[in-house]
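Colleague: I'd like to ask you about the structure that follows.
Nothing in this text is a laboratory measurement; each read-out follows from the coordinates by a stated rule. Just so you know, these numbers come straight off a predicted model, no measurement behind them. Heads up, the Cβs are rebuilt from the backbone with ideal geometry, glycines too, and the neighbour counts pull from every protein chain shown.
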Amino acid sequence: MPTEVSTLQNLFSVITLEKIPAAVITFIVAYFSSRLVLNIVDKLLSRSKLEKTIAKFLRSAMHILLWVLMVLIVASSLGIDVTSMVALLSVASLAVSLAVQGALTNLASGVMLLSTHPFRVGDYIEVGEVSGSVQEIGMTYTTMLTPDQKTIYVPNSEIASAKIINYTAVTSRRVDLTFSASYDDDITKVKAAILKAAALPQVQQEPAPFVAVNRYGDNAIEYVLRVWTSSEEYWNVYFTIVENVKTCFDEVGISMT
């Protein structure tokens, strides 16, 4: 600590009243020059195809960089040894980077996610044990909304290192369901009832709905149903078919087990 204080005293000991007017003029010129540079950067970013989050981050980084340069230029006009200031700033930045190492990891992961686009806002994804619709891709956290309306903030570093399943990367998604019926029920009748339950406007006919015996259990026969629908209609089709099967089984006297 005494060394740093002594260094600071030495830095500011060279400042005199005669140098202040020139430093003020230098600051004004540097300030308006930085504003001009920021305006140019804003126009370039607005014309680019970068994600808004990355564009905002780049603008903020440029803003900080310009202010650092302004401080160094003004300090130089005051006669301060800029080399010593850079050394102090380097030590301070190192201390800060060590203190926020986790945040920097999330930041780097956020830049990677926004650059590679494994998912976008609105996509339904599964990451580890978390699944939901992407609400926002931030620089440090990704916000997801689960089907039961829970908002989850997942650190970008966890997403970048995990397996990502994007269910809306393609327009269609397959619904897989299983149902059980008694051994006493005719297989053809059961399959027809399941197909009737799946006869929804949202279900695609190409590929055609598929139903078959999946396995023979101890007390019942298990049937598998596979139908295709749009990614947006997945859960609506899923739950509607589950409800319809009971009704269709009851209509023809099939015992659901």
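Colleague: Please specify each residue of segment 223-257 satisfying the condition of being in a strand (DSSP E or B) and more than 16 Å from ASP186 (Cβ to Cβ).
Modeller: Of everything in segment 223-257, those that are in a strand (DSSP E or B) and more than 16 Å from ASP186 (Cβ to Cβ) turn out to be VAL224, LEU225, ARG226, VAL227, TRP228, THR229, SER230.
Colleague: Among the numbered criteria (1) farther than 16 Å from TYR234 by Cα; (2) buried (at least 19 other Cβ atoms within 10 Å of the Cβ); (3) free of Cβ contacts under 8 Å to residues at least 24 places away in the same chain, which one does ILE152 miss?
Modeller: Condition not satisfied by ILE152: (2).
Colleague: Identify the residue in segment 122-134 that is within 17 Å of ASN106 (Cβ to Cβ) and either hydrophobic (A, V, I, L, M, F, W, C) or in contact with a Gly (Cβ under 9 Å, 6 or more places away or on another chain) (or both) and, among all such residues, is surrounded by the fewest Cβ atoms within 10 Å (Cβ to Cβ). Please lay out each step first, then the result.
Modeller: Initial filter on segment 122-134 (within 17 Å of ASN106 (Cβ to Cβ)): 127-128, 130, 134.
Checking which are either hydrophobic (A, V, I, L, M, F, W, C) or in contact with a Gly (Cβ under 9 Å, 6 or more places away or on another chain) (or both) leaves us with 127, 130, 134.
On the way: VAL127: 23, VAL130: 16, VAL134: 20.
Out of the qualifying residues, it is VAL130.
Colleague: On to the next question. Working only within segment 193-208, note down all residues that are exposed (fewer than 15 other Cβ atoms within 10 Å of the Cβ) and farther than 18 Å from GLU243 by Cβ.
Modeller: Those that are exposed (fewer than 15 other Cβ atoms within 10 Å of the Cβ) and farther than 18 Å from GLU243 by Cβ: GLN205, GLU206, PRO207, ALA208.
Colleague: Filter segment 167-185 down to residues that are of a type in the set (Ser, Thr, Tyr), surrounded by fewer than 15 Cβ atoms within 10 Å (Cβ to Cβ) and within 12 Å of GLU233 (Cα to Cα) and give me whichever is nearest to the chain's Cα centre (by Cα). So that I can check it myself, show each step before the final result.
Modeller: Initial filter on segment 167-185 (of a type in the set (Ser, Thr, Tyr)): 167-168, 171-172, 178, 180, 182-183.
Imposing the further condition that a residue be surrounded by fewer than 15 Cβ atoms within 10 Å (Cβ to Cβ) reduces the set to 171-172, 178, 182-183.
Subset that is within 12 Å of GLU233 (Cα to Cα): 171-172.
Details: THR171: 20, SER172: 22 Å.
If we take residues in segment 167-185 being of a type in the set (Ser, Thr, Tyr), surrounded by fewer than 15 Cβ atoms within 10 Å (Cβ to Cβ) and within 12 Å of GLU233 (Cα to Cα), then THR171 is nearest to the chain's Cα centre (by Cα).
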